[in-house]
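Student: Dropping the structure in here first, questions after.
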Amino acid sequence: MKDRKFLALTSFFFLLFFAGIATVALQKPTNQILRAKNVNPSPLKSFIIVFPQIGVAGDEGSDKKPTQIKVSVFIRDEGGSVLPGRSVQLATTPTSSIKPADTVSTDNLGMAQFFITSNTAGTVKLTATDLGSNTSVSNSPTVEFTQ
């Protein structure tokens with residue numbers, strides 16, 4: 001009698017174990033389970049969007065307020081998938097004011113958002129770098145500030 005109960009219980013646990021394994025395997029394909037979590041961004045598939053590309057230079061304290069240029073940096077991997085939670089640093093040449101900071105983390109869309117202003121007129125070149133892998137976005141746009 002005890003042997004039958006033991007066999008029934010072990011059979012039940014093995015059946016439950018294999019059902020759990022089958023459920024996990026069918027819900028998540030093996031390539032997603034075994035895929036590396038630390039993926040490097042692609043410098044070619046990542047990109048920068050600037051709007052507007054032409055703004056007015058000025059001083060925050062004066063009557064002539066500078067135009068805030070919105071800079072959105074999108075970080076993607078080689079497959080084109082978004083990379084959330086990456087630290088992105090924006091640099092400008094010549095130096096401009098960057099808000100909220102020069103380093104921002106990407107959101108769920110893989111986007112880091114910055115706003116730049118300038119005190120002087122001229123062309124400003126933008127450079128975005130993923131700090132985790134030290135990868136720079138290859139398409140670096142320019143912004144024109146006028147008087």
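Student: With the contact rule set at Cα under 8 Å and sequence spacing of 6 or more, what percent relative contact order holds for the chain?
Tutor: 25
Student: Report the calculated FRET efficiency for residue 68 and residue 44 (r = Cβ-Cβ distance, R0 = 22 Å), to the nearest 0.05.
Tutor: It comes to 0.15.
Student: Across every pair of different alpha-carbon atoms, what Kirkwood hydrodynamic radius in Å does the chain reach?
Tutor: For the chain, the Kirkwood estimate is 18.5 Å.
Student: Once Lys and Arg get +1 and Asp and Glu get -1 on their Cβ, which of 24, 122, 62 lies farthest toward the positive end of the dipole of the chain?
Tutor: 24
Student: If we count other beta carbons within 10 Å of each Cβ, what is the order of 47, 18, 145, fewest first?
Tutor: 18, 47, 145
Student: Taking the number of other C-beta atoms within 10 Å as the exposure measure, put 90, 131 in order starting with the fewest.
Tutor: Sorted ascending by nearby Cβ count, the order is 131, 90.
Student: Here is a follow-up. Could you give the length gained by full extension between residue 23 and residue 115, i.e. 0.36 nm per residue of separation minus their alpha carbon distance, to one decimal place?
Tutor: Gain on extension, residue 23 to residue 115, equals 28.4 nm.
Student: Using the crude model of +1 on Lys and Arg Cβ and -1 on Asp and Glu Cβ, and no other charge, please compute the dipole size for the chain relative to its Cα centre, in debye to 20.
Tutor: 860
Student: Please report 86, 76 as a ranked list, fewest other C-beta atoms within 10 angstrom at the top and most at the bottom.
Tutor: 76, 86
Student: What distance in nm separates the two pseudo spin-label positions at residue 105 and residue 136, each 7 Å out from Cα along the beta-carbon direction?
Tutor: Going from the residue 105 label point to the residue 136 one covers 2.6 nm.
Student: Could you give the length gained on full extension between residue 147 and residue 95, defined as 0.36 nm per residue of separation minus the Cα-Cα distance, in nm?
Tutor: 17.0 nm
Readers should treat all values here as calculations from the given coordinates under stated rules, not as data from a laboratory. Model, not experiment: these values are computed from the prediction. As a convention, Cβ positions derive from the backbone with ideal geometry for all residues, glycine included, and neighbour counts pool all protein chains shown.
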